[in-house]
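Structure first, then comments.
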Ligand code: RAM
């Protein structure tokens with residue numbers, strides 16, 4: 001009798017617990033980032049982990065080693081075959097993944113780009129780190145301050161197909177066109193594809209080709225770290241100034257050594273966390289990704305979905321933060 005009773009109790013427990021867990025436990029998100037080995041995306045994955053702990057979904061994450069579009073397409077195809085419910089992607093090529101993501105959406109998979117957008121026809125929503133014009137403007141203001149408003153500068157970007165890089169560079173050019181920056185000449189834009197070696201070689205190329213170069217803006221965490229390394233190796237600390245978007249953990253030693261006096265970034269953990277919340281809301285049918293909607297993103301509160309000015313929806317996570325020798329120690333162990 002006791003056996004039967006405990007079996008009954010166990011059955012009641014299973015029947016009550018399983019439906020409660022089933023709701024979010026059945027959701028699987030496939031995360032695609034630009035490349036493996038980039039600590040920026042390792043931090044974003046921490047945000048997905050944190051959200052998974054709160055919401056109970058499971059997620060897979062992967063990226064190509066070479067920052068390629070083809071590599072991302074293969075990963076997406078794998079996720080479609082595995083039957084994920086949502087794909088969250090930071091795209092290497094804004095146009096290059098549209099077709100495979102359209103077929104994902106045709107099969108009912110929700111698609112959210114984060115960090116670096118997919119073209120609008122290939123996604124349900126995109127989540128930017130911050131207002132793009134601000135990101136471009138603060139980097140120009142900072143390099144102008146560092147070089148004293150005069151001289152040649154260059155941009156060391158990631159890849160020419162990356163939407164976030166191109167958008168920020170567009171706003172940098174707009175800013176540089178202002179009268180107050182008339183003394184600054186943008187001599188070239190080079191691309192290191194977010195790969196450490198290639199970015200280092202591109203920085204070396206700038207040093208060799210432009211002996212009067214006064215400053216570099218590198219709006220990529222991989223690019224700025226390689227540029228700092230190269231400037232230091234060439235004994236040019238303080239002679240070629242450097243700013244851009246850098247990860248505190250990668251840049252702390254260069255900031256303390258004076259290679260980079262100031263740089264910017266937002267919190268990549270929050271980016272992953274926010275994107276995860278949006279994916280789950282979409283899979284549950286609580287969010288379409290339309291302008292004027294909003295969603296709850298846990299400790300980040302309510303996130304509004306806005307119009308990008310061209311009728312496409314987007315959301316943002318926060319503001320860029322300036323890192324200098326005064327505050328870098330507070331952040332270098334966080335991300
Ligand atoms: C690199 C990537 C990423 C960008 C950051 C700032 O890690 O290019 O897309 O947002 O830098």
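For this structure, a couple of remarks:
- The set of residues from region 228-249 being under 18 Å from residue 136 (Cβ atoms) and within 16 Å of the ligand (Cβ to nearest atom) comprises 242, 243, 244, 245, 246.
- The conditions of being free of Cβ contacts under 8 Å to residues at least 40 places away in the same chain, buried (at least 17 other Cβ atoms within 10 Å of the Cβ) and assigned by TED's automatic domain parsing to the domain that holds residue 195 are met by residue 225.
- Any chance residue 192 is more than 24 Å from residue 234 (Cβ to Cβ) and either touching a residue at least 60 places away in the same chain (Cβ under 8 Å) or within 17 Å of the chain's Cα centre (by Cα) (or both): no
- Odd one out for residue 151, checked against (1) surrounded by fewer than 20 Cβ atoms within 10 Å (Cβ to Cβ); (2) under 18 Å from the mean Cα position of the chain (by Cα): (2)
- Within region 109-144, the set of residues being more than 16 Å from the ligand (Cβ to nearest atom), surrounded by fewer than 19 Cβ atoms within 10 Å (Cβ to Cβ) and touching a residue at least 60 places away in the same chain (Cβ under 8 Å) comprises just one member, 120.
- The set of residues from region 257-280 being in a helix (DSSP H, G or I) and touching a helix residue (DSSP H, G or I) at 6+ places or on another chain (Cβ under 7 Å) comprises 268, 269, 270, 271, 272, 273, 274, 276, 277, 280.
- Selection from region 53-79 of residues that are touching a strand residue (DSSP E or B) at 6+ places or on another chain (Cβ under 8 Å) and buried (at least 18 other Cβ atoms within 10 Å of the Cβ): 57, 59, 61, 63, 72, 75, 76, 79
The values are calculated or read from the model by the stated rules, or taken from the named source; none is laboratory data. Small disclaimer: the values here were computed from a predicted structure and weren't measured. We place every Cβ from the backbone using ideal geometry, glycine too, and count neighbours over all the protein chains shown.
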